[in-house]
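One structure below.
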Amino acid sequence: MTQAPDMGSLHDLDEHRAAKEATAPAAAPVTLVKPTTPPPGETVPAEPDDAGEAVDRPDNPLADWLTVPDAPVLPVWARSRASVVANVTALGRLTWWHTRYHGIRAPKYLMKAVLLAARGFYRACVGLWPTLSAQDHTAAVKALKAQSKARPEDVELAVRLQAAHAERTRTRRWRFGAAAIGVTTAAVGFTVAPPLVQVGMAAAVGTPLAYLGRGKETHLLDQAAPPIRVDMSAQQLNDALRAAGLLKSGKEGQDAPKVSCSMGPVRDGRGWAVIFDLPRGGGKTASDVLAKREVIAQELGVDEIQVIMSRVRAAKGGNAGRVSMWVADDDPYLGTPNPSPLEKAERFSIWDPIPFGQDARGTRVAIPVMWQSMFFGGLPRRGKTFSQRLLTAAGLLDAYVRHYVADGKGGADWMPMKAVAHRLVMGAEDDAIDALKAMLAELLAEMERRFALLRDLPTSVCPEGKLTPDIVTKYNLPVIFVTIDELQEYFTAMEKDDREQVINDLCRIARRGPAAGFISNFASQRPDAESVPPKLREIITIRYSTQVVDRTSSDMVLGKGKAAQGADASVLSEEHKGVGVLVTGPASYVTVRADYLDGPTFAALCRKGRALREAAGQLTGDAAGDVTAAADAAGVTVPAIVSDVLEVMRHSPRMFTTDLLAALVNLDEDTYGDFNAERLAAELEAAGVKRTSKQVKISGTNGAGYQRRDIEDAVPAEILLGPTG
């Protein structure tokens with residue numbers, strides 16, 4: 001414990017600071033001085049407390065010479081290789097753009113140059129005519145004549161008059177002659193010269209004439225800079241903030257308070273950038289500015305999707321009233337989608353951040369998923385599943401990632417995962433729900449087994465009690481990637497007790513699993529309390545939302561109060577497919593245009609992931625025993641009707657015909673929408689399926705149906721004899 005200071009010994013801090021500043025020397029930049037080593041046997045006397053500042057003392061004559069300037073040696077753009085490369089690349093792109101821009105307009109520039117040269121030739125003739133016609137001598141003679149009339153007796157003036165007249169007539173002859181000879185010689189030389197020389201001569205003559213023919217507002221080249229769609233100045237910014245109620249109006253006789261801009265407004269890419277501080281005394285903070293995004297956008301004359309704002313934190317030199325704002329010229333999230341870099345990758349480490357997309361300025365956004373859990377939400381057909389698949393796709397290219405996948409919809413989006421997934425649950429029927437509960441039980445058992453193993457490992461191997469890349473390979477503990485799409489389908493189809501049990505299991509996996517190498521990747525179309533309970537959503541660390549209907553729905557996905565901070569997915573429109581708001585922390589968010597990875601490309605990555613796992617001996621579970629996936633890998637063609645029926649019967653040894661038809665329609669409505677029992681039987685028979693019985697018994701009920709073993713018998717024997725497990 002520390003002793004409390006004596007209240008009688010307290011003194012005024014302002015007086016103390018004033019006295020200290022009066023006696024202290026002027027501040028100077030800090031300079032480092034190399035210490036000297038004393039000779040052997042000698043001791044160094046104790047230095048005073050200010051020995052380290054001895055070089056800065058006023059009595060040191062070398063102080064100014066030894067002072068190191070407190071300024072960076074290189075400009076900002078040249079302090080890193082990435083910055084230099086980026087700026088050189090930008091210069092090259094700008095040069096190439098200007099070259100194309102002016103190259104297309106070269107005929108226009110040539111015509112304009114000819115017209116200017118013609119005007120310059122006219123001006124040259126007008127200017128040279130007095131000299132060629134000896135008008136200057138004529139003026140002198142006229143002056144002499146006027147003087148001689150006033151004083152006739154001036155003989156000398158008459159002599160000068162005659163001499164001037166003789167000079168005028170002589171120079172006129174040789175000036176006109178020289179001009180005629182010069183023009184004739186140039187014309188003859190131009191006629192007989194080679195084409196390249198003719199071009200040079202024309203340029204040598206035309207350039208000065210065009211320069212002479214120019215006007216004050218005449219420009220040979222067009223203005224190459226593209227028009228600025230949005231203009232912004234400090235005054236406009238202040239007016240917008242004042243209209244939003246963030247700045248007070250000035251009182252009579254006083255200036256209105258204004259923001260202090262530490263940068264800009266300046267052009268930054270395809271928009272305007274500015275960093276400003278709110279004035280003190282107004283009681284407003286940066287959070288208040290973010291909450292007024294829509295009003296500020298309206299006052300600036302743009303859509304709110306074009307206004308990108310964020311707080312500048314203390315780590316970057318900010319404070320509670322500093323805001324960074326970027327206003328785009330147009331909607332920065334429209335245009336051709338960007339293909340995912342994973343499309344051409346051969347391998348990927350799940351320990352590295354996963355490339356996910358680009359922000360409004362085109363900056364790459366990557367998501368580190370180790371030790372994290374993720375939740376995707378949003379309206380249907382806005383790219384939610386495509387965005388969620390990007391993270392799972394990265395795990396495909398790492399052989400030491402084991403996938404557990406469940407799709408409540410049971411459509412074609414996740415069907416290619418049959419080639420890789422250790423467990424794959426499709427649909428939300430009773431058998432699929434049972435398979436989901438069994439999968440979660442298996443995951444919880446594996447999680448507890450891993451924690452027991454990690455606790456027993458020595459500190460030298462497992463220093464933090466968590467999974468490491470070395471432990472993954474040495475103890476064969478691959479990273480577990482749990483992907484569940486359309487959560488609301490499972491929850492709405494379950495009974496209350498089953499629903500609560502599944503929710504508790506998912507919470508345990510999301511909360512405790514990361515330390516054991518579990519990555520949770522969940523998604524739902526309806527992020528309400530019934531579809532996805534808050535106690536599950538609130539423990540998710542990374543969230544992504546495509547367009548939603550309102551700010552309340554946005555907060556359900558991204559977290560309570562995020563819309564007020566600026567993370568609002570309701571501002572997105574129907575055109576923003578694949579665009580969403582990404583929240584990576586309590587105060588970190590960005591609107592991202594996710595990379596594009598279509599279905600065929602995702603299927604190709606699944607096949608590549610299967611090959612990687614076969615080579616590493618990591619192909620396990622459902623993927624190892626999937627006959628259709630094995631057929632695809634072996635290059636054996638299986639009839640589509642057989643493959644699809646096996647997919648929908650994945651969790652059932654037998655199925656009624658009516659249920660099978662409904663499942664096929666859910667899988668591919670375009671193909672199976674018109675199927676009935678007779679057509680299904682005919683297609684399967686044509687594909688080689690021989691039914692041992694047309695009746696099946698399920699839960700004590702008999703009905704027309706199919707046995708899965710009958711469908712599997714239609715698959716080539718060499719595939720069925722492959723590895724299972």
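Which one, 621, 673, 716, is farthest towards the positive end of the dipole of region 581-725 when Lys and Arg carry +1 and Asp and Glu -1 on their Cβ?
Of the listed residues, the answer is 621.
Once the whole set of protein chains is in place, how much accessible area is left on residue 184, using a 1.4 Å probe, in Å² to the nearest 10?
My reading of the accessible area for residue 184 is about 80 Å².
For region 282-441, just say rounded, prolate or oblate: build the C-alpha gyration tensor, square-root its eigenvalues into a ≥ b ≥ c, call rounded for a/c under 1.5, and beyond that prolate if a/b exceeds b/c, oblate if not. Don't jump to the answer; show the numbers that get you there.
On the way: a/c = 2.23, a/b = 2.07, b/c = 1.08.
Prolate shape, in that a/c is at least 1.5 and a/b is the bigger ratio.
What distance in nm separates the two pseudo spin-label positions at residue 708 and residue 66, each 7 Å out from Cα along the beta-carbon direction?
8.4
Can you list residues from other chains, or at least 5 along the same chain, whose modelled amide H is less than 5 Å from the amide H of residue 691?
Amide H neighbours of residue 691, under 5 Å, 5+ apart: none.
Could you list which residues have their amide H under 5 Å from that of residue 578, counting only those 5 or more apart in sequence or on another chain, with H placed in the peptide plane?
Sorted by chain and number, the residues that satisfy this are 383.
What order, most packed first, do the peptides 626-634, 599-607 have when packing is the mean number of other Cβ atoms within 10 Å of each residue? Mind dumping the intermediate values first?
Working: 626-634: 21.3, 599-607: 17.7.
Top to bottom by mean Cβ count within 10 Å: 626-634, 599-607.
With a point put 7 Å past each Cα toward its Cβ, work out how far residue 261 is from residue 74 in nm, to one decimal.
Using points 7 Å along Cα→Cβ, the separation is 2.9 nm.
How big is D for region 332-425, in µm² s⁻¹ as a whole number, if Stokes-Einstein is applied with the Kirkwood radius of its Cα pairs at 4 °C and 1.567 mPa s? Intermediate values should be presented prior to the final figure.
Working: Rh = 14.7 Å.
For these conditions, the coefficient is 88 µm²/s.
Give me the base-10 log of I(q)/I(0) for region 453-599 at each q in 0.18 Å⁻¹, Debye formula, one uniform scatterer per Cα, rounded to two decimals.
Computed log10 I(q)/I(0) values: -1.09.
For a 26 Å ceiling on Cα separation, which of these pairs sit above it: 437/535; 466/560; 292/316? Spell out each step's value before the answer.
Numbers: 437/535 19 Å; 466/560 30 Å; 292/316 23 Å.
Pairs exceeding the cut-off: 466/560.
The values are calculated or read from the model by the stated rules, or taken from the named source; none is laboratory data. The structure presented is a predicted model; accordingly, all values stated were derived computationally and were not measured. A quick note on method: Cβ atoms are made from the backbone with ideal geometry, for glycine too, and the neighbour counts reach across all protein chains shown. Just the protein is used for accessible areas: all its heavy atoms, side chains included, with ligands, DNA and RNA removed. Shrake-Rupley method; radii C 1.70, N 1.55, O 1.52, S 1.80 Å.
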